[in-house]
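Single-structure report; data block below.
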Amino acid sequence: MSKKLIAPSVLAADFANLQRDIEMVNHSQADWFHIDVMDGVFVPNISFGMPVIKSMAKHTQKPLDVHLMIVNPDPYIQTFADLGADILTVHYEACTHLHRSLQAIKNAGMKAGVALNPHTPVIVLESIIKEVDLVCIMSVNPGFGGQSFIENTYEKVRQLSQLIQEKKAATKIEIDGGVTDVNIQKLVEAGADVLVAGSFVFSAENPTQTIANLDALANS
């Protein structure tokens with residue numbers, strides 16, 4: 001069984017001490033950096049843009065998992081490749097021509113991800129699942145950190161896991177939102193491969209230990 005990955009969400013970091021928090025993740029047992037890019041249109045919030053990610057990329061020593069919560073992501077695909085993104089995830093709900101967007105991401109040298117909002121069923125990916133490297137299931141409504149976990153997520157992960165097996169795809173399942181030490185094992189049992197944790201990590205008294213605990217739980 002492949003290792004389950006922990007991806008701390010930088011949205012929950014202390015922006016006044018961003019380099020300190022990045023170094024913490026670098027030296028922790030985390031596997032990826034998860035970076036949420038929000039435009040205030042697709043989601044009701046604005047996060048960081050290209051200059052901040054460019055600065056961050058100078059210090060990050062682990063893969064950058066960039067999640068675009070923006071309308072019309074296509075014009076920015078090459079920009080994020082140039083910034084150093086390893087995985088680029090676009091929202092199903094934001095892409096009129098999803099297959100084309102995924103091809104553009106891969107052509108730019110990145111792994112291609114698709115995110116699904118809580119109300120979007122996994123069946124919408126049936127025809128293209130083999131083209132997708134990562135499916136990000138939103139387990140909270142996108143836009144703000146620190147929200148409580150949506151319980152229907154487990155069922156959704158099971159359905160997606162089944163679809164991936166049926167289609168013989170190599171797609172990883174990522175969970176974004178409300179991941180804690182309470183639900184991480186149940187998510188892995190349902191089929192999750194990548195666990196994004198934000199406020200649970202960064203608001204912890206000892207974030208490094210919290211990441212280690214999550215990693216141990218996910219891979220036990």
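Identify which of Asn17, Asn26, Asn72 has the largest mean-square fluctuation in a Gaussian network model of the chain, with springs joining Cα atoms closer than 10 Å.
Asn17
I'd like the antiparallel share, as a percent to the nearest 5, of DSSP beta bridges with both residues in the chain. Walk me through the intermediate numbers first.
Values: 1 of 33 bridges.
Among the beta bridges of the chain, antiparallel pairing accounts for roughly 5 percent.
Just the number: Rg to Rh for the stretch 44-119, Cα atoms, Kirkwood Rh, two decimals. Don't skip to the end; give the middle numbers.
On the way: Rg = 12.1 Å, Rh = 12.7 Å.
Dividing the radius of gyration by the Kirkwood radius yields 0.95.
Counting residues in the stretch 71-155 as N, plug N into 2.2 N^0.38 Å and put the Cα Rg over that result. Write out the running numbers ahead of the final one.
Numbers: Rg = 13.2 Å, N = 85, 2.2 N^0.38 = 11.9 Å.
This ratio for the stretch 71-155 stands at 1.11.
Semi-axes, largest first, in whole Å: what does sqrt of 5 times each Cα gyration tensor eigenvalue give for the stretch 5-218?
Values: eigenvalues 114, 90, 46 Å².
One finds semi-axes of 24, 21, 15 Å for the stretch 5-218.
What is the calculated FRET efficiency for Lys168 to Ala16, with r their C-beta to C-beta distance and R₀ = 41 Å, to the nearest 0.05?
Values: r = 47 Å, r/R0 = 1.15.
Efficiency for this residue pair is about 0.30.
Give the value in nm², to one decimal: projected area of the alpha carbon convex hull of the stretch 142-182, averaged over all directions.
On the way: hull surface 14.4 nm².
Averaged projected area of the stretch 142-182's Cα convex hull equals 3.6 nm².
What is the ratio of the Cα radius of gyration of the stretch 91-220 to 2.2 N^0.38 Å, where N is its residue count, to two decimals? All intermediate terms of the calculation are to be shown ahead of the outcome.
Numbers: Rg = 14.9 Å, N = 130, 2.2 N^0.38 = 14.0 Å.
That works out to 1.07 for the stretch 91-220.
Along the charge dipole of the chain, Cβ charges K/R +1 and D/E -1, which of Thr171, Met38, Ile6 sits furthest on the positive end?
Farthest towards the positive pole: Thr171.
Taking only C-alpha pairs under 8 Å that are 6+ residues apart, what is the relative contact order of the stretch 1-146 in percent? Show your work: numbers first, answer last.
Values: 243 pairs, mean separation 27.2, N = 146.
Relative contact order for the stretch 1-146 comes out at 19 percent.
Per 0.36 nm of contour for each residue apart, how much would the distance between His99 and Ala57 grow if the chain were fully extended, relative to their Cα-Cα spacing? Mind dumping the intermediate values first?
Values: separation 42, 0.36 × 42 = 15.12 nm, distance 2.77 nm.
Once the chain is fully extended between His99 and Ala57, it gains 12.3 nm.
So which of Lys3/Lys54; Lys111/Lys167; Lys54/Lys106; Lys111/Lys156; Lys106/Lys186 end up more than 24 Å apart by C-alpha? Please report the intermediate quantities before stating the final value.
Numbers: Lys3/Lys54 29 Å; Lys111/Lys167 19 Å; Lys54/Lys106 20 Å; Lys111/Lys156 22 Å; Lys106/Lys186 31 Å.
With Cα atoms farther than 24 Å apart: Lys3/Lys54; Lys106/Lys186.
Just so you know, all these numbers are worked out from the coordinates, no wet-lab data involved. Just so you know, these numbers come straight off a predicted model, no measurement behind them. Neighbour counts are summed over all protein chains in view; Cβ atoms, including those assigned to glycine, are modelled from backbone coordinates with ideal geometry.
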